Structures are given as C-alpha cells and as structure tokens.
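The values are calculated or read from the model by the stated rules, or taken from the named source; none is laboratory data. Just so it is clear, the structure is predicted and the values come from calculations on it, not from any experiment. We place every Cβ from the backbone using ideal geometry, glycine too, and count neighbours over all the protein chains shown.
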C-alpha cells in the first residue's frame with residue numbers, strides 16, 4: 001500500500017497575503033493531536049514534500065494545515081495556488097511525539113508558539129481530553145504583526161467552551177491590539193507572562209510545551225532550565241517538551 005494518498009482540496013482560507021490555511025479531505029490513518037504529516041506535489045517529475053502539523057481535531061473529517069507562503073518556497077508556493085477541487089498528495093500515516101500523552105500530569109499547561117506553530121496546539125485544544133488533565137491551560141502565540149494573529153474566532157469559541165483556557169498574544173513589531181508587546185522569551189525571563197495570566201508556575205505545578213522556530217525553542221528552553229525546569233524525556237519525565245517548527 002502506498003504511503004501517499006490523494007487529498008481533495010475543500011477550501012483555502014487566506015489570513016494575510018502570506019498566511020493561509022489549506023483544508024482537504026483524504027482517507028488517512030487515525031492520528032494524535034500534535035502530530036504532523038507530509039504534503040507533496042510532483043514538479044518536473046520530482047516529488048517535493050514538506051511536513052505540516054494537523055490543525056484539526058483527530059475526529060474531524062476536514063484535514064487542516066496552517067501554512068506560510070514562503071518566498072522561494074518550492075512547495076508552499078504551489079500549495080498557495082490550489083483551489084477547491086484540486087488534488088494534492090498527503091502521507092497516509094502521521095508522525096511525531098509532540099502529543100499530550102507524552103506530557104506528565106500537572107496543574108498548569110503552558111502552550112508556547114510562534115507563527116504557524118500554533119497549529120498543533122489548536123488540534124490539541126479541540127481534542128477535548130486535555131480539559132480532564134489540566135486545571136489551567138494557557139495558549140501563547142508570538143507573532144510579528146497584529147494581522148498575523150489568525151484563528152481568532154476559533155480561539156474565542158474554545159475560550160467560551162472551556163473557561164480554564166487563557167489566550168495571550170505577543171506581538172513584536174508593532175503595538176499590540178491585545179495581549180503583550182515584545183517576545184515570548186523576554187516575557188518568560190522576566191515573568192511578565194505569568195503575571196499577566198495571574199498564575200505562578202513551578203516545576204511541581206506546570207508543564208511547558210514549546211513549538212516554534214529553532215531559535216525560539218532553544219532560547220525558551222534555556223530560560224526555563226535556568227528557572228529550575230528540566231527537559232521532558234520518557235525515561236526521565238520533566239516539564240519542557242519541544243517541537244521545532246521550521
């Protein structure tokens with residue numbers, strides 16, 4: 001059986017001139033929230049494939065991916081041209097360990113993301129079982145511009161559904177319309193993020209999931225380590241679980 005199956009494009013949602021969501025339907029194997037798959041297209045007899053995390057809940061028929069149309073990006077520029085009814089190839093089986101079942105039990109869960117890396121967190125929040133495991137969940141999204149804060153309606157809907165969800169946007173290149181100004185890393189270092197949320201995390205009460213560009217992941221991990229948190233590994237459970245999203 002081929003690893004690749006055909007996916008039919010249902011919709012493309014453009015958030016800005018470079019950020020878009022691709023929604024497709026395909027017969028894929030069950031996956032866990034937080035996992036990624038690959039999309040691919042043939043170009044000049046060559047398969048170009050890239051990994052993307054699922055944004056949708058695992059029980060949804062619509063498979064959704066949050067992408068940036070990268071200047072010079074071989075695949076993203078082709079995906080950006082798709083219209084409803086077109087087809088793209090998708091890997092049948094998902095991969096990855098950035099999932100809730102890898103996270104030790106805790107009171108608080110901090111989901112720290114930048115850019116399109118908010119995608120896997122939205123999948124987890126929609127899954128539902130997260131709310132039985134954590135009393136407080138904080139979704140943090142770092143972007144450059146206010147316009148880059150996609151999925152606002154979905155986030156508002158989740159907050160109405162689940163009162164224990166807090167959402168904090170962090171805008172770096174202009175004054176924010178909501179949330180905080182600057183970078184996630186500095187707000188963790190000086191604890192303004194925690195003050196903003198009226199929460200006091202400690203290694204005994206908090207878990208951190210970090211998803212973003214490699215520099216942000218590395219810097220955040222270093223800051224948290226300096227505060228007494230440790231990397232979460234299967235053999236040695238800790239409080240920091242990371243996924244590089246590039």
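Some observations on this one:
- Among the conditions (1) outside the structural domain of residue 198 (by TED's automatic domain parsing); (2) surrounded by 15 or more Cβ atoms within 10 Å (Cβ to Cβ), the only one that residue 61 does not satisfy is (2).
- Residues (over 20 Å from the mean Cα position of the chain (by Cα) and outside any helix (DSSP H, G or I)) located in the range 195-218: 198, 199, 200, 201, 202, 203, 204, 205
- Of all residues making up the range 227-246, the number that are buried (at least 20 other Cβ atoms within 10 Å of the Cβ) and in a loop (DSSP other than H, G, I, E, B): 2
- Condition check for residue 212: out of contact with any helix residue (DSSP H, G or I) (no Cβ under 9 Å at 6 or more places or on another chain), touching a residue at least 24 places away in the same chain (Cβ under 8 Å) and either more than 20 Å from residue 124 (Cα to Cα) or not assigned by TED's automatic domain parsing to the domain that holds residue 66 (or both): no
- Residue 224 vs. criteria touching a strand residue (DSSP E or B) at 6+ places or on another chain (Cβ under 7 Å), part of a helix (DSSP H, G or I) and farther than 18 Å from residue 145 by Cβ: yes
- Residue check, residue 113 in the same structural domain as residue 224 (by TED's automatic domain parsing) and not in a loop (DSSP other than H, G, I, E, B): yes
- Whichever residue in the range 83-107 is at negative phi and in contact with a helix residue (DSSP H, G or I) (Cβ under 9 Å, 6 or more places away or on another chain) and, among such residues, is surrounded by the fewest Cβ atoms within 10 Å (Cβ to Cβ): 105
- Candidate set: the range 19-47, residues that are assigned to a strand (DSSP E or B) and within 18 Å of residue 95 (Cα to Cα); chosen: the one farthest from the chain's Cα centre (by Cα): 40
- Residue 185 vs. criteria in a helix (DSSP H, G or I), under 20 Å from the mean Cα position of the chain (by Cα), in contact (Cβ under 8 Å) with a residue 60 or more places away in the chain and under 17 Å from residue 114 (Cα atoms): no
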